[in-house]
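J.: Mind looking over this structure? Questions follow.
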Amino acid sequence: MTDTNKDTPAEMSVIRELRRGIDDIDREIVDLLAKRIELAVEIGRLKLQQGVDLRSPDREQGLLSVVRNEADRLGLDVDLVSSWFERILEYSRARQADALDLP
């Protein structure tokens, strides 16, 4: 009986290359998330200086609507992507609060 799970060296090379591509994308996602958080913190500072509420529920709902539409357009699980962005928004608010010494 032959082992059908063994890949040829050429196939393994392709798999390694594809995984490198995934690794690069993962690093980009983390880098973009860090940049997004930096921007959110700066927006929080400006809002605090101007006496504006930090939270913008309408903006958040608009963002989630755009994200859901984009996920649907790309054939991704809309609820899953939306939940990721809800978590990103929660994290952004937490980082704003930490950076601005808010309760």
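J.: Would you check if there is a residue in region 73-85 being part of a helix (DSSP H, G or I), over 12 Å from the mean Cα position of the chain (by Cα) and within 13 Å of residue 96 (Cα to Cα)?
T.: no
J.: For region 59-99, give me each residue that is closer than 18 Å to residue 48 by Cβ and exposed (fewer than 14 other Cβ atoms within 10 Å of the Cβ).
T.: Across region 59-99, the qualifying residues are 59, 94, 98.
J.: If you check residue 48 against the conditions, is it touching a residue at least 24 places away in the same chain (Cβ under 8 Å) and part of a helix (DSSP H, G or I)?
T.: yes
J.: Identify, by number, the condition in (1) at pLDDT 95 or above; (2) over 14 Å from the mean Cα position of the chain (by Cα) that residue 26 doesn't meet.
T.: (2)
J.: What do you reckon, is residue 56 closer than 29 Å to residue 101 by Cβ, surrounded by 10 or more Cβ atoms within 10 Å (Cβ to Cβ), without any contact (Cβ under 8 Å) to a residue 12 or more places away in the chain and hydroxyl-bearing (Ser, Thr, Tyr)?
T.: So residue 56 fits the description; yes.
J.: Give the number of residues within region 75-96 that are small (Gly, Ala, Ser) and touching a residue at least 40 places away in the same chain (Cβ under 8 Å).
T.: Selection size over region 75-96: 1.
The values are calculated or read from the model by the stated rules, or taken from the named source; none is laboratory data. Keep in mind that what you see is a predicted model, and the values were worked out from it rather than measured. In this analysis, Cβ positions are derived from the backbone assuming ideal geometry, glycine residues included, and neighbour counts consider all displayed protein chains.
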